[in-house]
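A.B. asks: Below is a structure I'd like to ask you about.
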Amino acid sequence: MREPPGYRGTLAAEIVPTPQHRITEQVVSSFSDAPPRLREVMSALVEHLHRFVVDVRLTPGEWREAIALLTATGDITTEERQEFILWSDALGVSMLVDALEHELPQSATESTVLGPFFVPGSPVREYGANIASQPAGEPTWVSGRVLTTDGDPIAGAELDVWQNGANELYAVQDPGVPEDHLRARFTTRGDGTYGFIGVRPVPYRIPSDGPVGRMLQATGRHPWRPAHIHLIVRAPGYRTLTTHIFDSTSDHLDSDAVFAVKPSLLREFVRRSPDDPEAPPGIAGDWYSVENDLVLVAGTAEEPVDDGRTA
Ligand code: BEZ
Ligand code: FE
């Protein structure tokens with residue numbers, strides 16, 4: 001019998017009994033009239049899915065559990081919460097799709113996951129502003145330049161930033177804070193520089209009260225993400241960059257629940273004293289500083305999809 005496309009070598013022939021072999025072939029050929037890309041995607045999906053079922057010898061009980069899990073994922077998903085994307089994040093699919101889409105020159109800043117806590121329409125603030133509407137943790141001066149891959153400054157680029165506070169929460173998760181807390185949009189100055197006061201981010205847990213959380217628990221995985229600040233950088237004529245600044249001393253850098261850490265995104269948060277002459281106005285007591293240049297690649301500025309958030 002002819003092997004269906006996607007089954008390679010003798011291994012498939014050895015382990016795939018004839019009836020399953022035929023089922024796969026039948027389903028794949030049922031897509032023969034589909035548009036080319038859809039046919040390619042659906043055929044590969046069915047081949048891999050069938051191969052998976054055969055490889056693990058999926059039992060009817062396990063099949064029922066899988067259906068229950070998908071049903072629970074749909075049930076918990078609302079406009080505020082996207083459990084399907086959380087699955088994609090927690091299984092590393094989001095980072096894989098991102099890696100395929102962003103094959104960038106080495107000098108460019110690497111991208112990473114958008115995450116569910118991005119809310120479009122953050123307030124526009126001036127250079128040097130404090131993004132915390134109320135005390136939220138250890139003050140941190142975040143600054144740098146937005147540059148081209150040739151090292152030239154990009155003036156007028158927009159930085160959209162959001163982060164959590166010392167209580168682990170993003171504003172969108174915390175009914176006790178104003179909705180514009182710890183989020184803002186800034187525009188780079190003529191020399192490409194930006195600067196704002198945030199707080200030192202802390203590690204936090206991805207939402208784990210749903211099916212993804214049950215998977216993490218059942219498999220002995222933890223839900224923690226290492227401390228980070230989110231940024232989207234937009235500039236006309238450049239590819240929009242969605243990325244993080246990770247605290248290089250944070251816990252969980254080696255076991256991020258969503259596999260989104262890239263070594264090039266680690267930055268040192270430097271402890272500074274209150275009498276440091278560089279202390280930005282409005283900061284009293286100890287503070288931190290972190291420097292982070294962002295390098296954009298020429299291309300089309302596209303908005304990251306607002307994938308739905310998990311409140
Ligand atoms: C976040 O960094 O905000 C995030 C990313 C993926 C899943 C959950 C949270
Ligand atoms: Fe985050």
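The values are calculated or read from the model by the stated rules, or taken from the named source; none is laboratory data. Remember, it's a predicted structure, so these values are computed and weren't measured experimentally. Ideal geometry is used to build each Cβ from the backbone, glycine not excepted, and the neighbour counts take in all protein chains shown.
A.B. asks: Within region 26-56, how many residues turn out to be closer than 19 Å to residue 67 by Cα, β-branched (Val, Ile, Thr) and touching a helix residue (DSSP H, G or I) at 6+ places or on another chain (Cβ under 7 Å)? Spell out the reasoning first.
C.D. replies: Narrowing region 26-56 to residues closer than 19 Å to residue 67 by Cα: 45-46, 48-56.
When the remaining residues are screened for being β-branched (Val, Ile, Thr), the result is 46, 53-54, 56.
Filter again for touching a helix residue (DSSP H, G or I) at 6+ places or on another chain (Cβ under 7 Å), leaving 46, 54.
The total comes to 2.
A.B. asks: Return a yes/no flag: does region 206-227 have any residue that is in a loop (DSSP other than H, G, I, E, B), basic (Lys, Arg) and crowded, with 19+ Cβ neighbours inside 10 Å.
C.D. replies: No; the residues of region 206-227 include none that is in a loop (DSSP other than H, G, I, E, B), basic (Lys, Arg) and crowded, with 19+ Cβ neighbours inside 10 Å.
A.B. asks: Could you list, in sequence order, all residues of region 249-276 that are more than 22 Å from residue 117 (Cα to Cα) and hydroxyl-bearing (Ser, Thr, Tyr)?
C.D. replies: 249, 264, 273
A.B. asks: Sticking with this one: Restricting to region 169-192, count the residues that are surrounded by fewer than 16 Cβ atoms within 10 Å (Cβ to Cβ) and either within 11 Å of ligand 2 (Cβ to nearest atom) or not in a loop (DSSP other than H, G, I, E, B) (or both).
C.D. replies: 0
A.B. asks: When you check residue 114 against the structure, is it touching a Ser or Thr at 6+ places or on another chain (Cβ under 6 Å), closer than 19 Å to residue 263 by Cα and at pLDDT below 95, yes or no?
C.D. replies: yes
A.B. asks: Okay, moving on. Give the residue, chosen from 216, 231, 182, that is away from ligand 1 (no atom under 11 Å from the Cβ), farther than 29 Å from residue 286 by Cβ and of a type outside the set (D, E, K, R). If you could, list the steps in order and put the result at the bottom.
C.D. replies: On the way: 231 fails: farther than 29 Å from residue 286 by Cβ; 182 fails: farther than 29 Å from residue 286 by Cβ.
Result of the check over 216, 231, 182: 216.
A.B. asks: Mind checking whether some residue in region 233-244 is within 11 Å of ligand 2 (Cβ to nearest atom) and in contact with a His (Cβ under 9 Å, 6 or more places away or on another chain)?
C.D. replies: Start the filter on region 233-244 by keeping residues that are within 11 Å of ligand 2 (Cβ to nearest atom), which leaves 244.
From what is left, the residues that are in contact with a His (Cβ under 9 Å, 6 or more places away or on another chain) are 244.
Within region 233-244, one or more residues are within 11 Å of ligand 2 (Cβ to nearest atom) and in contact with a His (Cβ under 9 Å, 6 or more places away or on another chain).
A.B. asks: Still on this model: Could you go through region 115-131 and let me know if any residue there is buried (at least 21 other Cβ atoms within 10 Å of the Cβ) and touching a Leu at 6+ places or on another chain (Cβ under 6 Å).
C.D. replies: Yes, region 115-131 contains at least one residue that is buried (at least 21 other Cβ atoms within 10 Å of the Cβ) and touching a Leu at 6+ places or on another chain (Cβ under 6 Å).
A.B. asks: Show me the helices (runs of 4 or more DSSP H) entirely contained within region 55-131 in which 3 or more residues are free of Cβ contacts under 8 Å to residues at least 24 places away in the same chain, out of contact with any Lys or Arg (no Cβ under 9 Å at 6 or more places or on another chain) and within 16 Å of ligand 1 (Cβ to nearest atom).
C.D. replies: 93-101
A.B. asks: So if I check each of 231, 266, 241, which one is surrounded by fewer than 18 Cβ atoms within 10 Å (Cβ to Cβ) and over 30 Å from residue 67 (Cα atoms)?
C.D. replies: Criteria check complete, one pass: 266.
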